[in-house]
């Protein structure tokens, strides 16, 4: 599947220090995909970062990455 990343999302991913390989891996091989707002899909994958598990959430609108972020609140988002 060909996925495009909008420029603002690229800027946010870089600023947040998220490796681009993680974003690609989360899209191609997610641990889970959940429904987001306005029909968006959220690909989720757990990574071990600085001695704790973190959830990478990649928000997709069709085949376009809108944003991506890491959170420690796995229980809040995991379905």
Quick check on my filter: what residues within the stretch 50-77 are farther than 22 Å from residue 3 by Cβ and touching a strand residue (DSSP E or B) at 6+ places or on another chain (Cβ under 7 Å)? 53, 72, 74
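Please specify each residue of the stretch 56-79 satisfying the condition of being under 8 Å from the mean Cα position of the chain (by Cα) and free of Cβ contacts under 8 Å to residues at least 40 places away in the same chain.
Correct list: 56, 57, 58, 59.
Quick check on my filter: what residues within the stretch 49-58 are surrounded by fewer than 16 Cβ atoms within 10 Å (Cβ to Cβ) and in a strand (DSSP E or B)?
Within the stretch 49-58, 49, 52, 53 qualify.
Only one of these is surrounded by 16 or more Cβ atoms within 10 Å (Cβ to Cβ) and assigned to a strand (DSSP E or B): 66, 34, 23, 46. Name it. Explain how you work it out, then say what you get.
Numbers: 34 fails: surrounded by 16 or more Cβ atoms within 10 Å (Cβ to Cβ); 23 fails: assigned to a strand (DSSP E or B); 46 fails: surrounded by 16 or more Cβ atoms within 10 Å (Cβ to Cβ).
Just a single option satisfies the conditions, and that option is 66.
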Consider only pairs whose beta carbons are under 6 Å apart and that are at least six residues apart or on different chains; among these, list those whose first residue lies in the stretch 1-14 and is within 17 Å of residue 28 (Cα to Cα) and whose second residue is assigned to a helix (DSSP H, G or I). 3/27
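Computed from the coordinates by the stated procedures, all read-outs in this text should not be read as laboratory data. The model shown is predicted, which means the values in this text are computed figures rather than measured ones. No Cβ is skipped: glycine too gets one built from the backbone with ideal geometry, and neighbour counts run over all protein chains shown.
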